[in-house]
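Notes to accompany the following structure.
What follows draws every value from the coordinates through simple rules; no lab data is involved. Not measured: the values here are computed from a predicted model. Glycine also receives a Cβ, built like all others from the backbone with ideal geometry; neighbour counts cover every protein chain displayed.
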Amino acid sequence: MLGRILLPSIFILLSYGFWASSSFQDISAGVALFLFGMFCMEQGFKAFSGGSLQRLLSASTDRLWKSLSFGIISTTLMQSSSLVSVLTISFLSAQLIGLAEGIGIVFGANLGTTTGAWIVAGFGMNVKISAYAMPILVFGVILLMRQSERSKGSGWIMVGVGFLFLGIHFMKEGFASYASHIDLTQYAIPGLTGLLVFTLVGMLATIVMQSSHATMTLIITALAASQITYENALALAIGANVGTTVTAVLGSLSANISGKRLAAAHFIFNVVTGVVALVMIEPLLSAVDAVSAVVGIAPDNHTLKLAVFHTLFNLLGILLMLPMTGNLVRFLEKHLRQEVSDYDTPRFLSEAALEVPSVALHAGIQETDHLFRNAKNLIIHGVCLRRSVVNSESDLQELIDQRGEVIPIDIDEGYSKTIRDIHGATITFLSKAQARATPEYAAALTKLRQANTDLVTAIKAVKHLRKNLVRYMRSENLHLRREYNRFRVRIASVIRDLGALNETEDVSLRLLALDEIKVNASQAEQAANRSVDKLIRTGLISPDIATSLINDSNYTKTVVDCLIEMTEAWNKAMLSDNKLEDVLSLKPEEIEAIARQVH
Amino acid sequence: MKRKKLLHKLQVLLSEDDDHKKKDIDKLRKVIKQLHDKQKELEHKLEELPEGEEQSKVRKHIEVIRLQRQKGAAVYRELMGKDELKI
């Protein structure tokens, strides 16, 4: 309802403003171009945020100071703390980094973003910035037309920088022409009231524009044109710093618990920093004057002094909050907890992870593994086995003659509690990721979808198999009992073998090792078929039971095949290119031939 | 001749295909080596095993690796052969 009223109201207000003042039109166009430039730059940097960023991240976030430095440097380079925050939330959601490292990055990003004010105040206000914008735009568009994703990424970044410069130019022009007609400083509010009112204005402006960088640029251009007082500009800068957290908090609503914790940390940091800056405004101003004098900034150069202030109060916030990071992590983990439920839910998926294809793929791989673990437990119990037996090194063949012990389990209930929600969410997530992904990730995401489908098919086959299995694995008829116990052993063996694959770190070797598991599975299947044929031929089982046995043998084959195919697809999803593994792997007829060999 | 070689080197440097091929060759070499080591390990294990089901299983495992290595060697020869023709 609010949205329906708000948007038309904004349009009407802006239209009136455009009609009433050409300067207002210039400033608004400047802000719009600046925001569009930020959007283009974010698009461009996302093209580079694949595997290399992931590697860089894992190497540079193992210590808090490294995370902090990573946040400072990445935000300085990308000039967007929002993008760094979004990337951090996505990495955290996919558990590529821990909460403490994430907090370090966000703290660093707050300091890194202050370099934007330095660039605008030091460079943007002193040169004819539009002269640089045009060539950059032309070069950027040429790069955008190229096929390579990296060239396109560079093109988006250059176009973004061009629009940023153009935006700054229009804002400068707008405020300059305002200055010749009207003096906006007549609305300045001095003292504490002014500090609080303009902090609020800065917050609101940032919430509306969803970018503290844009607000800061607007403040600096207005200050350079003497349309706001230095004192009010400081308050606006504090407000912009607090307002920017609203974007992060809104973004975290769709994130998982890790994302929510990080957004909360961001919010706490910026609010604490804002309050400290307001309370310590006088000592901070003295510090600004002292630093300015040291670095050679003229006492009347308010735009650069604003940049100094922006950096100083964020630095103060970091100095205050950094020693408390451990406590903050504990506080957030204590108060923001995953809801406890009988129904298992996804652990690695989030909207944030979808922002970066490589992170989305990583999250999909992790979640499929989570689903596999749950499915494995359900399958093991479904065929009346204990996990301790399957995971041990005991001889499974010993189970064949024994009377099986029924493990009471409702497969449908187990499916609802441990599979359904995760499977549904993973398929939805993978579909969304496929829609956004670049071609290099498409095949891997398709493989993950297949892996998820295989798991569900395996569970459904177990459900059918269990109907007769719980009865005949305890049968008085030794022959029949043996056959059903063989089904259990075939499934347990393949689960055990697939589990042992994890000992091999190299994905290529894991994929090739699957051939041996396929040979064993094929050999077991051939033996089971021969045995069933013999039982039918010799009349040791009735025709009715023979039919059930053949059907259940097929269900067993489905379970075994699906588990192997799932593992194959899951491992292939980890490789950017699996042509080599496909060439080296054995063909089905080769596997059958080896399985048939008698040594 | 020197110019030809230089041009080829430049071509290799600039060609994405050749870059991919080099990566493929390196990866293939590594995988074949690891398979070879695994086969040796299994052959040692086989010598110590008494006749029976476990021995048969290990033999089959060796056969799987032998076939994979055979395929790998064929691909390796093909990749290297093309490279030599270009030079």
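Exposed loop sites here are GluC sites (Glu not before Pro) in DSSP loop states with at most 11 other C-beta atoms within 10 Å. What is the longest stretch of chain A lacking them?
A:1-338
Okay, helix-only estimate at 222 nm for the protein assembly as shown: each DSSP H run of n ≥ 4 adds -39500 (n - 2.57), divide by all residues, round to 500 deg cm²/dmol; what do you get?
When only DSSP H runs of four or more count, the value is -27000 deg cm²/dmol.
How many nm is it between the label spots at A:Ile5 and A:Met280, if each spot is 7 Å from the Cα in line with the beta carbon?
4.2
For the residue pair A:Asn554 and B:Arg77, what label-to-label distance in nm results when each label sits 7 Å from Cα along the Cα-to-beta-carbon direction?
4.4
Which angle from 0 to 90°, rounded to the nearest 10, does the C-alpha axis of helix A:357-382 make with the longest principal axis of chain A?
30
Convert 25 °C to kelvin, take the viscosity as 0.890 mPa s, use the Kirkwood radius over C-alpha pairs of region A:143-254 as Rh, and evaluate the Stokes-Einstein diffusion coefficient in µm²/s, rounded to a whole number.
157
For A:Ile189, A:Ile517, A:Ile220, which order do you get if you count the other beta carbons within 10 Å of each Cβ and list the fewest first?
Fewest-to-most ranking of A:Ile189, A:Ile517, A:Ile220: A:Ile189, A:Ile517, A:Ile220.
Over all residues in B:24-36, what is the mean tally of Cβ atoms on other chains that come within 10 Å of each residue's Cβ?
3
Which whole-angstrom value gives the distance between the alpha carbon centres of region A:393-468 and region A:572-599?
23
Counting pairs of alpha carbon atoms under 8 Å apart in space and at least six apart in sequence, what relative contact order in percent does region A:324-483 give?
RCO, region A:324-483: 33 percent.
Count, for each residue of A:233-241, the Cβ atoms from other chains sitting within 10 Å of its Cβ, then give me the mean as a whole number.
Neighbouring Cβ atoms belonging to other protein chains average 0 per residue here.
Assuming R0 = 25 Å, can you tell me the calculated FRET efficiency for the pair A:Gln338 and A:Ser416, based on Cβ-Cβ distance, to the nearest 0.05?
0.85
Quick one: Cα centre-to-centre distance for region A:1-46 and region A:309-327, in angstrom?
Between the Cα centres of region A:1-46 and region A:309-327 lies a distance of 33 Å.
So how do A:Val406, A:Val519, A:Val246 line up by other beta-carbon neighbours within 10 Å, fewest first?
A:Val406, A:Val246, A:Val519
For region A:260-382, what does the convex hull of the Cα positions come to per residue, in cubic angstrom?
162
A:Val249 versus A:Ser576, label points 7 Å from Cα toward the beta carbon: distance in nm?
4.0
Just for the Cα atoms in region A:497-599, what are the lengths along the principal axes, largest first, rounded to whole Å?
Taking the Cα atoms of region A:497-599, the three principal extents are 53, 27, 22 Å.
Would you work out which of A:Thr567, A:Gly140, A:Asn241 lies farthest towards the positive end of the dipole of chain A? Charges go on Cβ: Lys and Arg +1, Asp and Glu -1.
In chain A, that residue is A:Thr567.
Semi-axes, largest first, in whole Å: what does sqrt of 5 times each Cα gyration tensor eigenvalue give for region A:310-359?
Each semi-axis is the square root of five times an eigenvalue, giving 31, 20, 7 Å.
How many angstrom lie between the C-alpha centres of region A:148-173 and region A:476-504?
So the separation of the two Cα centres works out to 61 Å.
For region A:345-407, count the residues as N, evaluate 2.2 N^0.38 Å, and divide the Cα radius of gyration by that value, please.
My calculation over the Cα atoms of region A:345-407 gives 1.65.
For region A:480-540, what is the per residue volume of the convex hull drawn over the alpha-carbon atoms, in cubic angstrom?
For region A:480-540, the hull spanned by Cα atoms encloses 51 Å³ per residue.
Any idea what % of Cα-Cα pairs in region A:200-277 are farther than 19 Å?
37
Taking chain A as the reference, fit the longest principal axis to its C-alpha atoms, fit the long axis of helix A:51-60 to the helix C-alpha atoms, and give the angle between the two in degrees, 0 to 90, nearest 10.
That works out to roughly 80 degrees.
Can you tell me which of A:288-299, A:16-27, A:551-562, B:55-66 comes out highest on packing, and rank the rest after it, using the mean Cβ neighbours within 10 Å?
Sorting A:288-299, A:16-27, A:551-562, B:55-66 by mean packing, highest first, produces A:551-562, B:55-66, A:16-27, A:288-299.
With 5 Å bins from zero, work out the P(r) of region A:390-543 over every alpha carbon pair and list the percent per bin.
Here the calculated profile for region A:390-543 is 1, 7, 12, 15, 17, 16, 13, 8, 5, 3, 1, 0.
Sort A:His464, A:His423, B:His20 so the one with the fewest other Cβ atoms within 10 Å of its own Cβ comes first.
Starting with the residue having the fewest Cβ neighbours, the order is B:His20, A:His464, A:His423.
How large is the direction-averaged shadow of the alpha-carbon convex hull of region A:532-581, in nm²?
Mean orientational projected area (region A:532-581, Cα hull): 4.6 nm².
Can you give the FRET efficiency to the nearest 0.05 for A:Leu501 and A:Arg436, using r as the Cβ-Cβ distance and R₀ = 35 Å?
0.70
May I ask you to derive the FRET efficiency for A:Arg403 and A:Ile142 from their Cβ-Cβ distance with R0 = 45 Å, giving the value to the nearest 0.05?
Efficiency at R0 = 45 Å is approximately 0.05.
Please list the equivalent ellipsoid semi-axes of region A:29-153, computed as the square roots of five times the alpha-carbon gyration tensor eigenvalues, in descending order and whole angstrom.
So the three semi-axes of region A:29-153 are 28, 19, 11 Å.
For the protein assembly as shown, with the dipole built from +1 on Lys and Arg beta-carbon atoms and -1 on Asp and Glu ones, taken about the Cα centre, which of A:Leu322, A:Leu501, A:Trp118 lies farthest toward the positive end?
A:Leu501
Mind checking A:583-589 for the average number of partner chain beta-carbons within 10 Å of each residue's beta-carbon?
4
How long are the semi-axes of the equivalent ellipsoid of chain A, taking √(5λ) for every eigenvalue λ of the Cα gyration tensor, in whole Å from largest down?
Taking √(5λ) for each eigenvalue gives 63, 24, 20 Å, largest first.
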